[in-house]
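Student: There's a structure below that I have some questions on.
Nothing in this text is a laboratory measurement; each read-out follows from the coordinates by a stated rule. If you're wondering where the values come from, they're calculated on a predicted model, not measured in any experiment. Neighbour counts run over all protein chains shown; Cβ positions are idealised from the backbone, glycine included.
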């Protein structure tokens with residue numbers, strides 16, 4: 001057997017599951033354990049096909065709207081959060097509803113509600129149509145939250161009162177891009193209120209920092225994540241912006257373009273916050289079948305955050 005070519009893989013740490021994703025998956029599993037299958041889940045619990053398929057096999061039924069759920073089965077709201085109208089409808093229908101919204105997304109919701117009570121109009125930096133954006137904008141009445149996606153959008157904004165404005169952000173954005181949009185907002189509206197603490201979550205920030213740290217040492221970057229995962233797509237963009245010209249999103253080892261990696265001696269590997277570690281292992285095994293691999297861990301932070309599951313899942317069935 002010929003000698004395999006040598007490859008150094010720079011493995012990001014932290015990577016993969018964050019505390020919010022871990023909690024959301026646990027919520028679905030505990031709901032099935034408590035009430036039996038099926039348990040309905042409004043929207044993908046997290047944006048990862050592997051995770052969703054595994055929960056489906058255990059008895060979760062994924063739907064896009066509450067109207068697709070029967071009244072007599074539990075429903076779980078996804079980690080991305082839902083508009084206020086959704087839990088209100090569930091209450092009206094006397095459904096058992098379990099909220100798996102990430103606590104860091106809930107923090108942004110609460111921030112928006114506080115500003116609204118003070119008569120302040122919100123500007124939301126986020127991606128149109130993303131589940132988190134829909135959920136956050138749906139916390140307040142129409143017109144109370146204005147969406148901006150780019151610096152260009154800031155110039156076109158029409159606000160009610162420039163002296164009564166605040167901005168909030170999606171939790172899974174690019175740290176650098178968001179800072180640029182926030183600066184544009186503050187330049188146009190000097191009195192705008194900024195979040196007391198950064199809305200971009202610790203996990204998104206940490207994963208992006210690890211990619212930036214490894215970028216100068218690698219010739220290609222692979223990010224394990226789903227195409228509808230905002231934080232995973234941002235990791236690809238962060239890699240490109242940091243000078244890594246080949247920066248690619250893959251869902252599984254089967255998606256690796258081996259020809260594109262030919263000649264590379266050093267690549268980076270990370271995983272978005274909704275990608276399980278088993279997929280990282282799968283990708284590493286695929287490389288080990290073709291290369292003599294050395295793994296270098298690039299650790300930029302240690303994460304030890306845990307979020308409790310809702311009380312309804314800690315109580316026994318009556």
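Student: For 202, 124, what's the fewest-to-most ordering of other Cβ within 10 Å of each Cβ?
Tutor: 202, 124
Student: I'd like to know how segment 172-318 sits against the 2.2 N^0.38 Å rule of thumb: what's its Cα Rg over that expected value?
Tutor: The reported ratio for this selection is 1.26.
Student: Calculate log10 I(q)/I(0) of segment 1-145 for q = 0.14, 0.18 Å⁻¹, where I(q) comes from the Debye formula with a single equal point scatterer on each Cα and nothing for solvent.
Tutor: -0.71, -1.05
Student: Still on this structure, I have one more. Fewest first, what order do 122, 248 take by the number of other Cβ atoms within 10 Å?
Tutor: Ranked by crowding around the Cβ, least crowded first: 248, 122.
Student: Now for a separate question. Which value results when the Cα radius of gyration for segment 103-188 is divided by 2.2 N^0.38 Å?
Tutor: 1.00
Student: Which translational diffusion coefficient, to the nearest whole µm²/s, is obtained for segment 21-101 from the Stokes-Einstein equation, given a Kirkwood hydrodynamic radius over C-alpha pairs, 20 °C and 1.002 mPa s?
Tutor: 175 µm²/s
Student: Another question, if that's okay. With Cα extents along the principal axes in Å as the read-out, I listed [x] 88, 58, 31; [y] 68, 55, 30; [z] 61, 46, 38; which label goes with the value calculated from this structure?
Tutor: After the calculation, the listed value that fits is [y].
Student: Right, another one. Between segment 244-270 and segment 54-100, what is the separation of their alpha carbon centroids in Å?
Tutor: Using only Cα atoms to place each centre, the spacing works out to 37 Å.
Student: Where does the chain land at 222 nm, in deg cm²/dmol rounded to the nearest 500, when only DSSP H runs of n ≥ 4 count, each adding -39500 (n - 2.57), divided by all residues?
Tutor: Working: 11 runs with 118 residues, N = 318.
After summing the helix terms and dividing by the residues of the chain, the value is -11000 deg cm²/dmol.
Student: How far apart, in nm, are the 7 Å Cα→Cβ label points at residue 186 and residue 241?
Tutor: Distance between the two pseudo-spin positions: 1.6 nm.
Student: How many angstrom lie between the C-alpha centres of segment 142-212 and segment 296-316?
Tutor: So the separation of the two Cα centres works out to 26 Å.
Student: While we're here: Go from 0 up to the bin containing the longest alpha carbon distance in segment 180-244, width 10 Å each, and give me the % of pairs per bin.
Tutor: That works out to 19, 39, 29, 13, 1, in percent per bin.
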